[in-house]
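I have placed the structure first, in the form of structure tokens, so that the comments after it can refer back to it.
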Amino acid sequence: MFLVFNDRPSDSPYIERVWRCHSERAGQFHSIASPHWEMAVSRLKGRIFLTIRGPETRATLADCPAEGEWFGIRFKLGTFMPSLPVSALIDRNDKDMPDMTGLGFWLDGMQWEYPDFETAEVFVSRLVKRGLITRNQAITEGLAGDERALSRRSAQRHFRQATGMTHSTFQQIERARCAVQLLRNGHSILDTVHEAGFFDQSHLTRALKHLIGQTPAHVQRQDEQLSFLYKTNP
């Protein structure tokens with residue numbers, strides 16, 4: 001594997017995960033489906049820039065340059081930027097922020113220093129105070145199991161507005177990501193079908209090919225690079 005990842009949890013109510021990685025050589029990897037948007041700082045050949053990346057509803061092949069370094073803040077579902085709809089970013093419609101010759105970047109008419117792996121929470125807190133990041137409380141409560149405040153139709157509308165996808169798509173992605181973890185941890189394909197909640201092996205295979213870019217057997221072999229992956233529940 002040519003991409004080496006490191007990640008950590010966060011105590012911020014806005015942050016799902018903080019990650020960083022570096023590439024030991026150039027190559028291609030499977031950018032797998034993810035329901036979360038994120039901010040990523042790239043360092044490539046002396047350049048540094050911040051990109052806002054949207055959720056991905058399908059797997060794609062992506063090229064990775066050699067000797068690159070990346071750091072990312074992955075945001076919780078329901079967290080969004082009022083000035084930049086998540087739906088405008090979905091499926092690799094990324095947005096690069098204007099750079100200040102390596103000193104920082106421009107956002108909302110202000111200059112911001114680039115965050116790093118250790119300062120992610122401080123950076124996000126400043127964005128929240130500025131009103132550049134907020135949360136849809138209905139999504140937060142719904143994911144926690146409290147759906148009393150909204151009708152089903154209203155809850156679906158809130159979810160799509162805040163995440164750029166339907167709740168059904170979100171569940172499919174989470175189920176597929178859970179299956180990958182099970183397969184990589186030595187579970188058999190048939191056990192994974194049952195534990196991750198698929199109907200049968202064909203259902204699992206179709207889902208992984210579409211959302212992960214690999215068949216279950218390929219996932220078990222772990223001979224192809226995947227993008228950032230961490231433990232999740234279906």
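Summary table below
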item	result
Qualifying position, being closer than 20 Å to Lys45 by Cα and over 22 Å from the mean Cα position of the chain (by Cα), among Gly72, Gly102, Gly109	Gly102
Filter pass, Thr134 being within 24 Å of Arg25 (Cβ to Cβ), polar (S, T, N, Q) and either at pLDDT 95 or above or under 19 Å from the mean Cα position of the chain (by Cα) (or both)	no
Options Arg92, Arg43; residue that is in a loop (DSSP other than H, G, I, E, B) and either within 13 Å of the chain's Cα centre (by Cα) or among the charged types (D, E, K, R) (or both)	Arg92
Every residue from region 2-47 that is touching a Leu at 6+ places or on another chain (Cβ under 9 Å) and aliphatic (A, V, I, L, M)	Leu3, Ile32, Ala33, Met39, Ala40, Val41
Any hit, region 41-50, residues being touching a helix residue (DSSP H, G or I) at 6+ places or on another chain (Cβ under 8 Å), under 29 Å from Gln137 (Cβ atoms) and touching a residue at least 24 places away in the same chain (Cβ under 8 Å)	no
Identity of the residue in region 15-40, aromatic (Phe, Trp, Tyr) and in a strand (DSSP E or B), that ends up surrounded by the most Cβ atoms within 10 Å (Cβ to Cβ)	Trp19
Number of positions in region 95-106 that are in contact (Cβ under 8 Å) with a residue 12 or more places away in the chain and either part of a loop (DSSP other than H, G, I, E, B) or not assigned by TED's automatic domain parsing to the domain that holds Arg17 (or both)	2
Considering residues of region 190-234 that are within 30 Å of Trp70 (Cβ to Cβ) and of a type in the set (Phe, Trp, Tyr) only, the residue modelled with the lowest pLDDT	Tyr230
Qualifying positions in region 82-99 - touching a strand residue (DSSP E or B) at 6+ places or on another chain (Cβ under 7 Å), farther than 14 Å from Ala40 by Cα and surrounded by 14 or more Cβ atoms within 10 Å (Cβ to Cβ)	Leu84, Val86, Asp91
Cβ pairs under 7 Å, 6+ apart, first in region 107-122 and within 17 Å of Glu69 (Cα to Cα) and among the hydrophobic types (A, V, I, L, M, F, W, C), second in a loop (DSSP other than H, G, I, E, B) and modelled with pLDDT of 95 or more	Ala120/Ser10
Hits in region 161-194 - residues which are in a helix (DSSP H, G or I) and without any contact (Cβ under 8 Å) to a residue 24 or more places away in the chain	His167, Ser168, Leu182, Leu190, Asp191, Val193, His194
Conditions (1) farther than 20 Å from Tyr14 by Cα; (2) not in a loop (DSSP other than H, G, I, E, B): number failed by Gly72	(1)
Filter pass, Thr205 being part of a helix (DSSP H, G or I), among the hydroxyl-bearing types (Ser, Thr, Tyr) and in contact with a helix residue (DSSP H, G or I) (Cβ under 8 Å, 6 or more places away or on another chain)	yes
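Here is a yes/no grid of residues against (1) modelled with pLDDT of 90 or more; (2) within 15 Å of Arg58 (Cα to Cα); (3) not assigned by TED's automatic domain parsing to the domain that holds Leu204:
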site	(1), (2), (3)
Leu143	no, no, yes
Glu147	no, no, yes
Arg152	no, no, yes
Arg157	no, no, yes
Gln161	no, no, yes
Gln171	yes, yes, no
Arg177	yes, yes, no
Gln181	yes, no, no
Ser188	yes, no, no
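The values are calculated or read from the model by the stated rules, or taken from the named source; none is laboratory data. Keep in mind that what you see is a predicted model, and the values were worked out from it rather than measured. Positions of Cβ are backbone-derived with ideal geometry, glycine not excepted, and every protein chain shown enters the neighbour counts.
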